[in-house]
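What follows is a short report on a single structure.
The values are calculated or read from the model by the stated rules, or taken from the named source; none is laboratory data. Remember, predicted model here, so these are calculated numbers, not experimental data. Here the Cβ positions follow ideal geometry from the backbone for every residue, glycine too, while neighbour counts run over all protein chains shown. Surface accessibility is based on the protein's heavy atoms, side chains included, excluding ligands, DNA and RNA. Shrake-Rupley method; radii C 1.70, N 1.55, O 1.52, S 1.80 Å.
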Amino acid sequence: MTQATDTPASTGTARPARPARPAAKPHGQWKIDGPAPLNANEEFKADDNGLNVRERIETVYARGGFDSIDPTDLHGRFRWWGLYTQRKPGIDGGRTATLEPHELEDRYFMLRVRIDGGTLTTAQLRTIGEISRDFARDTADVTDRQNIQLHWIDVVDVPEIWRRLEAVGLDTTEACGDVPRVILGSPVAGIAKDEILDPTPVIAEIRERFIGDPELANLPRKFKTAISGHPSQDVVHEINDISLIAVNHPEHGPGYDLWVGGGLSTSARLAERLGAFVRPEIAAEVWLGVVSIFRDYGYRRLRNKARLKYLMNDWGPERFRTVLETEYLGYALPDGPVPAEPTTRGDHVGIHEQKDGRFFICASPNAGRLSGTLLLELADLLERHGSQRLRTTPHQKLLALDIPAESVAAAAAELDALGLETAPSIFRRSAIACTGIEFCKLAIVDTKDTTIAAVAELETRFAEKSAVRLPASLSLHVNGCPNSCARIQTADIGLKGQLLPDGNGGQTPGFQVHLGGGLASTERGEAGLGRTVRGLKVTAQELPDYIERVLENYSAGSTDGESFAAWSHRAADEEVV
């Protein structure tokens, strides 16, 4: 006889059916869910490849002017050719999140000149300077992606601008948009005495084979690449979608260590090693495999989850490597060694001898701010000293290459006279700033002028504070919104723009503070994100006071040789507020 139990079955009471669990919504992964568009962004990309808008710009919009531009082209496909509408002057940061794009935007454009690997000739530099002078109200900024950005561009002038750029081997192809963006490359590629290998051929192969390819021009979102053959790891590889970092393999010789899945924005994630060694001759194919995985498996349903870092977070490096090798390459990659910790700084600031006996000089513009006039003067300066080459860097710097030994002192002095400092202060050396509210529709606060003014004030104050022990280096990154174009989470002092109470019932520009972030360098073996302290915010006006105070606390509380990042992570809250 079975013993009765107190269950619905034994008492004759039917158990209520559980509600069916809602089916998981598709991520919009082409290889799993199919290519049907799941949002407006995917719809316009499916309707017409972004690369096709060039013909309409040249034949329709340049003739009809701003009012003739189709809204979907204006707010979508124009980006595939490096064009964004810029912010209308006079709109304060408090209205950034409340206005529609057409209310925020001006009738002029930001134009991004794509400079893969940061390589420029003086002829190309002069062309950009002339375009800035003739069409962009003398504006020019060097970005932390090695591009140069111009502003105040009228669509009627774009075909002539393209003609001039392409005549000297430059373009704006896929400088923006859901595409493979500019390839970051070591600024000292091919010239450094301690280089492991020269990445120039790999960058050139990727550029020539794949940039502008319609098959890769509809990615879930942007795709960022970094490649370096230098032991300083000078291309911020930990925050790119794919990075190839030079290593010496004990059996296969020089090649690359493969990193995937980095990115910052509002949800920072550092890239991970796949543990795979990539021979230089297959590097472009491996790059194609990774970008193809992103195209086919990347999340497309939600725009804010569409970067490769989210797929990498779910898959992990082991599965990602397996899919890369089995589905896309068709062969296994050998395991590879971990890159050695850097022994030299990756910003390359100062004067350094090249492997051919000539010299390169790395100079610091003010927060990346240049002008067309300055670019023309710089081209003249370089040619006057026998150089026809220069490089931009991922740190908003400029490198003058191939300077003869007898010209180094004079060239450095002339760079300094142009405001391109060759021996900058600790504050100016590592200060970078995004575009900010001056031109960006997403920004909340000013960045360029705020950074320039703060650096100048700090230089003045600390010139008189010989007793204060400053750290060996100090990165100051200033961003106008939460999107982290200026890499705030990986700076010693990262500043995220926001509006703060002014004490009188209104608002004033200010920043949330991130402390102690950084990438692999001579001071830290591996990258790490900064800390935030609850309530730690500072107004733009108070910024020099805050930095002065926290550096004095560092001087008093740090141990000999301790980096600012290490100290700031262990310091008490009251020491960093």
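Numbers for the structure displayed
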item: Heavy-atom accessible surface of segment 103-219: percent carbon and sulfur, 1.4 Å; result: 47
item: Alpha-carbon centroid distance for the pair segment 55-117 / segment 503-560, whole angstrom; result: 34
item: Relative contact order (percent, whole number), the chain, Cα cutoff 8 Å, 6+ residue spacing; result: 12
item: Farthest positive-ward along segment 291-337 dipole, Cα basis, beta-carbon charges - from Leu302, Thr326, Pro337; result: Leu302
item: Length released on extending from Thr373 to Glu327, taking residue separation times 0.36 nm less the Cα-Cα span; result: 11.5 nm
item: For Leu500, distant residues with modelled amide H under 5 Å away; result: Thr508, Gly510
item: Alpha carbon centroid spacing (whole Å) that separates segment 157-202 from segment 340-371; result: 18
item: Cα gyration tensor, the chain - rounded (a/c under 1.5), prolate or oblate; result: rounded
item: ³J(HN,Hα), Karplus 6.51/-1.76/1.60, whole Hz, each residue of segment 155-172, x for Gly, Pro; result: 4, 5, 9, 4, x, 5, 4, 4, 4, 5, 4, 5, 5, 10, x, 10, 6, 10
item: Only Lys, Arg (+1) and Asp, Glu (-1) charged, at Cβ; segment 465-577 dipole about Cα centre in debye; result: 280
item: 5 angstrom amide H check on Gly436, placed H, neighbours 5+ away; result: Gly480
item: Neighbourhood net charge (13 Å Cβ-Cβ; Lys/Arg +1, Asp/Glu -1) for Asp314; result: +3
item: Hz values of 3J(HN,Hα) by residue in segment 475-491 - Karplus curve (6.51, -1.76, 1.60), Gly and Pro given as x; result: 8, 10, 10, 10, 10, x, 7, x, 7, 6, 4, 9, 6, 5, 6, 10, 10
item: Kirkwood estimate for segment 427-485, i.e. one over the average of 1/r between Cα atoms, Å; result: 12.5
item: Residues of the chain: accessible area per residue with a 1.4 Å probe, Å²; result: 41
item: Percent carbon-and-sulfur accessible area, segment 312-388, ignoring ligands, DNA and RNA, probe 1.4 Å; result: 46
item: Selection from Ala413, Ala46, His252, by position along the positive dipole direction of the chain (Cβ); result: Ala46
item: Dipole in debye (nearest 20) - the chain, about Cα centre, beta carbon charges: Lys, Arg +1; Asp, Glu -1; result: 1520
item: Per-residue [θ]222 nm for the chain (sum of -39500 (n - 2.57) over DSSP H runs n ≥ 4, rounded to 500); result: -8000 deg cm²/dmol
item: ³J(HN,Hα), Karplus 6.51/-1.76/1.60, whole Hz, each residue of segment 114-119, x for Gly, Pro; result: 7, 10, 4, x, x, 8
item: Fraction of accessible area attributable to carbon and sulfur, segment 396-541 (%, probe 1.4 Å); result: 50
item: Debye, to nearest 20: dipole size of segment 89-221, +1 on Lys, Arg Cβ, -1 on Asp, Glu Cβ; result: 200
item: Most positive-pole-ward Cα, Ser521, Phe511, Ala566, against dipole of segment 474-570 from beta carbon charges; result: Phe511
item: Partnerless cysteines, meaning none of the other Cys C-beta atoms lie under 4.7 Å away, in the chain; result: Cys176, Cys362, Cys440, Cys481
item: Tilt relative to the chain, helix 308-323 - C-alpha long axis, 0 to 90 degrees, to 10; result: 80
item: Label point distance in nm, Val60-Asn313, each placed 7 Å from Cα along Cα→Cβ; result: 3.8
item: Relative packing of peptides 474-484, 497-507, 166-176 - highest average C-beta neighbours within 10 Å first; result: 474-484, 166-176, 497-507
